[in-house]
Amino acid sequence: MTAEVSGNGTARGAFAEGVRLGLGPAAATFVLALAYGAAAHNAGWGIALPLAFSGLAFSASAQFTLLTTLSAGGAVAAVTAAVLINARYVVMSVAINDSLRGGRLRRALQAQALADASFVIAHRGGGRFNIARLIGASVPQWMCWVTGTATGLLLAPSAHLLHSLGADVTFPAFFVVLALDELRKSRRAILAAALGASIAGVLLFVTTPGNALVAATAAAFIGVIGGRQQSDPRDAL
Amino acid sequence: MLVVTVATWLMKSSGPLALGDRQLPPNALKVTSLLAPVLLAGLVVVDLGGAKWDDLDWTQVLGVGVAGVARMLKAPMLLAVVCGVATTALVRLLVS
């Protein structure tokens, strides 16, 4: 981890702040992992493999996609779909690169902490990210993803029970809450989010959710259209 | 599982592996500064709609909306989400 001084003190302070901010999304992650573990159990995947998969891949979208598409079709199609749905990490990885420190390998290791909620929590504005906070936010989420998977595998709650309890609301609700906090930062963020949502909404009719999500990130290009922003957002930091 | 795991590692590392310590140009930074809200908006739509909008469920939308309203009313993050989940669970109980 870097020794850079963050806006809130030392890297250790930023890490602790990330852990604190990551607890909410981690609770949602636990519920989602519970559903994943139960689905993997019902698909006959055993205990060890899905648990190791959660620990190593740490990717709810790809893991769910692999599980559901393997049940419905061939292995190649399932793996392709699972990889494509994570293509957004390429965009996110490029976005955080300026904020990483060290050589390529060290940067690549730090980037393994990328997760949707952590990416937002680490965003300081102006395209800059606090990496200590990113890693801190991912720690409780990773722990809850693994323990939730284990709990789901062992207890195997029915999909009907989880649906009745509203478990499917947790993740989109967290995304909405995080989005509201982001949208307060600028009118341009509101415009970009509206455009991104529209692109994703239209493309859902014609392509997979993973492709629709990656295409939606194109809405961020309105950042270079018009406006009287400073020439380099780094100047504002 | 191994292929998906390694592919995920590589995608998360793609920025550092491709760019190293080269800095993004100012225009690219203007784009990345908007990625977080765009990504979140897209995730909400994709989560709620699912493939071809087949997963759209008004009880889920209602719960997510309640969570958003609670947050706008200054509720803490976790409480806002719990309000949304509880609303959906209650509605499903009443309409089932």
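Per the conditions (1) at pLDDT below 90; (2) facing another protein chain (nearest Cβ under 7 Å), the sole criterion not satisfied by B:Gly68 is (1). Scanning the stretch A:164-186 for residues that are more than 7 Å from chain B (Cβ to nearest Cβ) and at pLDDT 90 or above yields a count of 0. Evaluating B:Leu62 against the criteria (1) more than 7 Å from chain A (Cβ to nearest Cβ); (2) closer than 22 Å to A:Gly125 by Cβ leaves one unmet condition, (2). The residues on offer are A:Val94, A:Val177, and the sole one that is outside the structural domain of A:Ala43 (by TED's automatic domain parsing) and at negative phi is A:Val177.
Among the residues of the stretch B:1-27, those identified as assigned to a helix (DSSP H, G or I) and more than 7 Å from chain A (Cβ to nearest Cβ) are B:Leu2, B:Val6, B:Leu10, B:Ala18. Could you go through the stretch A:140-155 and let me know if any residue there is in the same structural domain as A:Arg124 (by TED's automatic domain parsing), closer than 30 Å to A:Leu195 by Cβ and in a helix (DSSP H, G or I). Looking for residues that are in the same structural domain as A:Arg124 (by TED's automatic domain parsing), closer than 30 Å to A:Leu195 by Cβ and in a helix (DSSP H, G or I), one finds at least one in the stretch A:140-155, hence yes. Residues of the stretch B:33-56 that are assigned to a loop (DSSP other than H, G, I, E, B) and surrounded by 16 or more Cβ atoms within 10 Å (Cβ to Cβ): B:Ser33, B:Leu34. Within the stretch A:71-97, the set of residues being of a type in the set (Gly, Ala, Ser) and surrounded by fewer than 19 Cβ atoms within 10 Å (Cβ to Cβ) comprises A:Ser71, A:Ala72, A:Gly73, A:Gly74, A:Ala75, A:Ala77, A:Ala87.
Taken over the stretch A:156-175, the criterion of being touching a residue at least 24 places away in the same chain (Cβ under 8 Å) and either surrounded by fewer than 18 Cβ atoms within 10 Å (Cβ to Cβ) or in a loop (DSSP other than H, G, I, E, B) (or both) is satisfied by A:Ala156, A:Pro157, A:Ser158, A:Ala159. Scanning the stretch A:113-122 for residues that are assigned by TED's automatic domain parsing to the domain that holds A:Val31 and surrounded by fewer than 20 Cβ atoms within 10 Å (Cβ to Cβ) turns up nothing.
The criterion of being at the interface with chain B (Cβ under 8 Å from one of its Cβ atoms) and among the β-branched types (Val, Ile, Thr) does not hold for A:Val76.
Annotation: of all residues in the stretch B:71-88 being in contact (Cβ under 8 Å) with a residue 12 or more places away in the chain and touching a Leu at 6+ places or on another chain (Cβ under 7 Å), the one that is surrounded by the fewest Cβ atoms within 10 Å (Cβ to Cβ) is B:Thr87.
On the stretch given as the stretch A:98-109, residues that are in contact (Cβ under 8 Å) with a residue 12 or more places away in the chain and either surrounded by 24 or more Cβ atoms within 10 Å (Cβ to Cβ) or facing another protein chain (nearest Cβ under 8 Å) (or both) total 2.
A residue that is surrounded by fewer than 20 Cβ atoms within 10 Å (Cβ to Cβ) and modelled with pLDDT under 95 occurs somewhere in the stretch A:125-148.
The values are calculated or read from the model by the stated rules, or taken from the named source; none is laboratory data. For clarity, every value in this text was computed on a predicted model and none was experimentally measured. Heads up, the Cβs are rebuilt from the backbone with ideal geometry, glycines too, and the neighbour counts pull from every protein chain shown.
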